[in-house]
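One structure is given here, and the rest of the page talks about it.
The values are calculated or read from the model by the stated rules, or taken from the named source; none is laboratory data. Computed from a predicted model, the values in this text were never measured in an experiment. Methodologically, a virtual Cβ is constructed for each residue, glycine included, from the backbone with ideal geometry; neighbour enumeration extends over all protein chains shown.
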Amino acid sequence: MVSKSMYALGAQPSGIRELFEFGRQRAKEVGAENVFDFSLGNPSIPAPGMVAEAISKTLTEVSPVAVHGYTSAAGSDACRDAIAENLNSRYSTGYTRNNVFITCGAAPALVATFRALADDDGGSEFIVIAPFFPEYRVFIGNAGGKPVIVPPDTDRFQIDFNALETAINERTAAVLINSPNNPSGVVYTEGTIKMLAKLLEEKSREFGHPIFLVSDEPYRELVYGDVQVPFVPNYYDNTIVCYSFSKSLSLPGERIGYVLVPDSVEDARTVFLAVAGSARSMGHVCAPSLMQHVITACINLVPDVAVYQRNANLLYDALTSYGYNCAKPDGAFYLFFEAPCGISAPEFSDFAKERYNVLVVPGDSFGCPNWLRLSYCVETERIKNALPRLKQIIDHLKEK
């Protein structure tokens, strides 16, 4: 016998992965240059040279036992110190290693946090604001919680506070936000964060328990121009941050990130130990030692987002001129656009895939029907070559 729920997850891959696999197969048939795969958020910018140098130096100058052996369950002191010091220097905080738990990327960070905050009786609710990363549903379900979806604000892609306030009740354990956002690329403004903090403070008092704010921040460093990403713990005390170096250092395959539990969180030490216990229960302790050494050495690196910004501007300007309605990206590497001419997002995705070999992800799984995500972390030349096809698609639909 096997778990039916786990079998269902394994047997039904995500829509994003299905498109990606279709693209791989289609490339074998018509040539990779004729397939325009914008499905997967896989950084196309190489990791900074200092990362390779840190790997080489660690392998040659640090003892093999230290490089490949276990660290403490929460991570090495040096890595946790480096992360805390980096945050302190940037955000005027006072964190120490005791606020930081190293994880195998953002996904285990989120799963551990949800499990730490969920009641054992299974009644906890976690509010997710659309549009959102589809795996949030899986992560919350794995924790024994219930996802509660707040509909998207498709005018500005900020937060519909009336809908959010209606969703909060005595069973609400946490609200989950993601900014810069996947899939919209939009950053929540300081005004939005302040309003969110005020609402959660009021609701925490009303229901007699803290409503935590979980801030998923893998794209925090990927912003354009003068856009600023508010550091959420400086606005709301009961904030827990889940972070990954996958995007900022172009290291998605290395699976390294952390959970930050500030001292301002109510019963902070208890929450931190619950995160540690959650990670232990899943076998997600002692993240890869080599990468902890690398992060310690590279913690102050700032990514060069020039290519992403150029791709974003190129796509946004072109698609809006063709007649597409797009959310203007502030960061990350996604363009979110509305399915044109009255067709559904899945219909648009299927038509673009079958007729033009253009792969874009329907927004239904992101909690935002009628919108589609285009991941532009690809070579700029590939975008330039895809633009005529994107124009042909909307021109064809206008004629129908």
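Picking from Leu213, Leu249, which residue would you name as being part of a strand (DSSP E or B), touching a helix residue (DSSP H, G or I) at 6+ places or on another chain (Cβ under 9 Å), touching a residue at least 24 places away in the same chain (Cβ under 8 Å) and of a type in the set (A, V, I, L, M, F, W, C)?
Leu213
Go through region 98-135 residue by residue and tally those that are under 20 Å from the mean Cα position of the chain (by Cα) and in a helix (DSSP H, G or I).
The total comes to 13.
Restricting to region 246-267, what's the tally of residues that are at pLDDT below 95 and within 18 Å of Arg220 (Cβ to Cβ)?
Number satisfying all stated conditions: 9.
Tyr95 fails exactly one of the following numbered conditions: (1) buried (at least 21 other Cβ atoms within 10 Å of the Cβ); (2) more than 21 Å from the chain's Cα centre (by Cα); (3) assigned to a helix (DSSP H, G or I). What is the number of that condition?
(3)
Could you please give the count of residues in region 14-45 that are within 23 Å of the chain's Cα centre (by Cα) and more than 17 Å from Ser375 (Cβ to Cβ)?
So the answer is 0.
What is the one condition in (1) surrounded by fewer than 20 Cβ atoms within 10 Å (Cβ to Cβ); (2) modelled with pLDDT of 95 or more that Ala327 does not satisfy?
Failed condition: (1).
For region 138-149, what are the residues that are modelled with pLDDT of 95 or more and surrounded by fewer than 22 Cβ atoms within 10 Å (Cβ to Cβ)?
Lys146, Pro147, Val148, Ile149
Is it fair to say Ile343 is of a type outside the set (Gly, Ala, Ser), surrounded by 21 or more Cβ atoms within 10 Å (Cβ to Cβ) and either over 21 Å from the mean Cα position of the chain (by Cα) or over 22 Å from Asp330 (Cβ atoms) (or both)?
Considered against the rule, which asks whether it is of a type outside the set (Gly, Ala, Ser), surrounded by 21 or more Cβ atoms within 10 Å (Cβ to Cβ) and either over 21 Å from the mean Cα position of the chain (by Cα) or over 22 Å from Asp330 (Cβ atoms) (or both), Ile343 comes out as no.
Among all residue pairs at least 6 apart or on different chains, which show Cβ distances below 6 Å where the first residue, located in region 322-339, is closer than 17 Å to Arg389 by Cβ and the second is charged (D, E, K, R) and part of a helix (DSSP H, G or I)?
Tyr322/Lys391
Any idea which of Glu33, Glu61 is among the acidic types (Asp, Glu), outside the structural domain of Pro134 (by TED's automatic domain parsing) and surrounded by fewer than 20 Cβ atoms within 10 Å (Cβ to Cβ)?
Glu33
Please go through region 58-103 and give me each residue that is at pLDDT below 95 and of a type in the set (D, E, K, R), ordered by number.
Glu61
Only residues in region 383-400 that are closer than 15 Å to Tyr316 by Cα and assigned by TED's automatic domain parsing to the domain that holds Leu315 count as the first member; pair them with residues that are among the small types (Gly, Ala, Ser) and part of a helix (DSSP H, G or I), Cβ under 7 angstrom, at least 6 apart or cross-chain, and list the lot.
Listed pairs, sorted by first residue: Leu387/Ala318.
Is there a residue being touching a strand residue (DSSP E or B) at 6+ places or on another chain (Cβ under 7 Å), of a type in the set (Lys, Arg) and over 17 Å from Gly367 (Cβ atoms) anywhere in region 176-196?
The answer is no, given that none of the residues of region 176-196 is touching a strand residue (DSSP E or B) at 6+ places or on another chain (Cβ under 7 Å), of a type in the set (Lys, Arg) and over 17 Å from Gly367 (Cβ atoms).
Give the number of residues within region 216-246 that are within 16 Å of Gly105 (Cα to Cα) and either part of a strand (DSSP E or B) or not assigned by TED's automatic domain parsing to the domain that holds Leu117 (or both).
Qualifying residue count, region 216-246: 6.
Across region 345-377, what is the total count of residues that are among the hydrophobic types (A, V, I, L, M, F, W, C) and free of Cβ contacts under 8 Å to residues at least 12 places away in the same chain?
So the count comes out to 0.
Tally the residues that are surrounded by 18 or more Cβ atoms within 10 Å (Cβ to Cβ) and either at positive phi or in contact with a strand residue (DSSP E or B) (Cβ under 8 Å, 6 or more places away or on another chain) (or both), restricting the search to region 383-400.
Counting residues in region 383-400 that are surrounded by 18 or more Cβ atoms within 10 Å (Cβ to Cβ) and either at positive phi or in contact with a strand residue (DSSP E or B) (Cβ under 8 Å, 6 or more places away or on another chain) (or both) gives 3.
Could you list, in sequence order, all residues of region 251-274 that are charged (D, E, K, R) and in contact with a Cys (Cβ under 7 Å, 6 or more places away or on another chain)?
Arg255
Of (1) among the β-branched types (Val, Ile, Thr); (2) in a loop (DSSP other than H, G, I, E, B); (3) without any contact (Cβ under 8 Å) to a residue 60 or more places away in the chain, Val148 satisfies all except one. Which?
So Val148 meets the others, but not (2).
Restricting attention to region 201-210, does a residue exist that is in contact (Cβ under 8 Å) with a residue 12 or more places away in the chain, crowded, with 20+ Cβ neighbours inside 10 Å and among the hydrophobic types (A, V, I, L, M, F, W, C)?
Within region 201-210, not a single residue is in contact (Cβ under 8 Å) with a residue 12 or more places away in the chain, crowded, with 20+ Cβ neighbours inside 10 Å and among the hydrophobic types (A, V, I, L, M, F, W, C).
In region 34-47, is there at least one residue being in contact with a Leu (Cβ under 8 Å, 6 or more places away or on another chain), at pLDDT below 95, of a type in the set (Val, Ile, Thr) and within 30 Å of Arg355 (Cβ to Cβ)?
Yes, some residue in region 34-47 is in contact with a Leu (Cβ under 8 Å, 6 or more places away or on another chain), at pLDDT below 95, of a type in the set (Val, Ile, Thr) and within 30 Å of Arg355 (Cβ to Cβ).
Which helices (runs of 4 or more DSSP H) sit wholly inside region 262-342 and have at least 2 residues that are assigned by TED's automatic domain parsing to the domain that holds Asp155, under 20 Å from Ser246 (Cα atoms) and of a type outside the set (Gly, Ala, Ser)?
289-298
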